[in-house]
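The values are calculated or read from the model by the stated rules, or taken from the named source; none is laboratory data. Quantities reported herein were computed from a predicted structural model and do not represent experimental measurements. No Cβ is skipped: glycine too gets one built from the backbone with ideal geometry, and neighbour counts run over all protein chains shown.
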């Protein structure tokens with residue numbers, strides 16, 4: 001009985017994942033055709049960006065401080081204290097900040113997308129939009145996708161700066177590493193491609209959060225209980241897709257031997 005329930009649940013999840021992939025294709029087609037609802041897009045950008053700003057910055061600050069604590073104590077033992085700032089900058093820019101910012105947005109915004117659109121689906125508001133000859137993709141989905149694709153990279157930039165400030169405070173006040181050494185190391189380790197790759201990752205993660213949240217909302221059935229289940233499953237699925245896509249993107253972007261360490265030392 002338990003195995004049957006697990007199989008049914010997995011089958012339904014795969015169906016909804018395929019629906020999300022199909023929705024992503026529809027979004028691309030509609031964007032190419034220039035079908036953008038500007039007012040809704042601006043409203044969603046305000047909901048995604050300013051609403052997630054403080055949470056993203058607090059997360060980045062704590063991660064930057066904790067990472068510095070763990071790295072600095074070991075690097076000082078090996079006589080490589082001058083590389084602390086560079087290692088922190090690379091870790092934050094390439095991996096930690098894009099992923100953590102996307103996780104914050106998935107937990108706060110992706111769940112809201114699934115709940116809001118799911119409620120509209122079970123109360124037949126989606127059908128009402130179609131009766132009024134309004135495409136739900138143009139009116140509901142595309143504004144959320146654009147908002148996340150634009151705002152998540154912007155949040156990531158501010159989160160990176162905050163994470164570096166947190167690491168700098170720990171390095172200077174706890175481990176007596178001068179701020180000039182810390183910042184010079186960060187500048188030597190980073191290059192333009194690191195920033196570009198972080199923005200690409202952030203935009204892709206944002207689109208995943210929006211599409212999965214909207215798709216799970218559109219396929220919601222079963223009343224209030226179904227809305228709750230869709231919200232939870234949408235967040236879990238978004239996190240899973242963020243981790244998987246991060247691995248694939250990192251594999252594509254950073255294969256081979258890097259030059260950060262050689263330039264930093």
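Here are the numbers:
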| read-out | value |
| --- | --- |
| Any hit, region 232-241, residues being in contact with a helix residue (DSSP H, G or I) (Cβ under 6 Å, 6 or more places away or on another chain), surrounded by 14 or more Cβ atoms within 10 Å (Cβ to Cβ), under 26 Å from residue 116 (Cα atoms) and free of Cβ contacts under 8 Å to residues at least 60 places away in the same chain | yes |
| Residue 62, sole failed condition from (1) crowded, with 18+ Cβ neighbours inside 10 Å; (2) at pLDDT 95 or above | (1) |
| Residue among 107, 49 that alone is surrounded by fewer than 20 Cβ atoms within 10 Å (Cβ to Cβ) and closer than 30 Å to residue 219 by Cβ | 107 |
| Residues within region 120-148 that are surrounded by 20 or more Cβ atoms within 10 Å (Cβ to Cβ) and over 30 Å from residue 225 (Cβ atoms), tallied | 1 |
| From 21, 69, 55, 32, residue being in contact (Cβ under 8 Å) with a residue 40 or more places away in the chain, more than 17 Å from the chain's Cα centre (by Cα) and surrounded by fewer than 17 Cβ atoms within 10 Å (Cβ to Cβ) | 69 |
| Condition check for residue 100: touching a residue at least 24 places away in the same chain (Cβ under 8 Å), part of a helix (DSSP H, G or I) and surrounded by fewer than 18 Cβ atoms within 10 Å (Cβ to Cβ) | no |
| Among the candidates 112, 89, residue that is buried (at least 24 other Cβ atoms within 10 Å of the Cβ) and either modelled with pLDDT of 95 or more or within 21 Å of the chain's Cα centre (by Cα) (or both) | 89 |
| Filter pass, residue 42 being at pLDDT 95 or above and over 15 Å from the mean Cα position of the chain (by Cα) | no |
| Subset of region 208-226 that is assigned to a helix (DSSP H, G or I) and surrounded by fewer than 21 Cβ atoms within 10 Å (Cβ to Cβ) - its residue that is nearest to the chain's Cα centre (by Cα) | 226 |
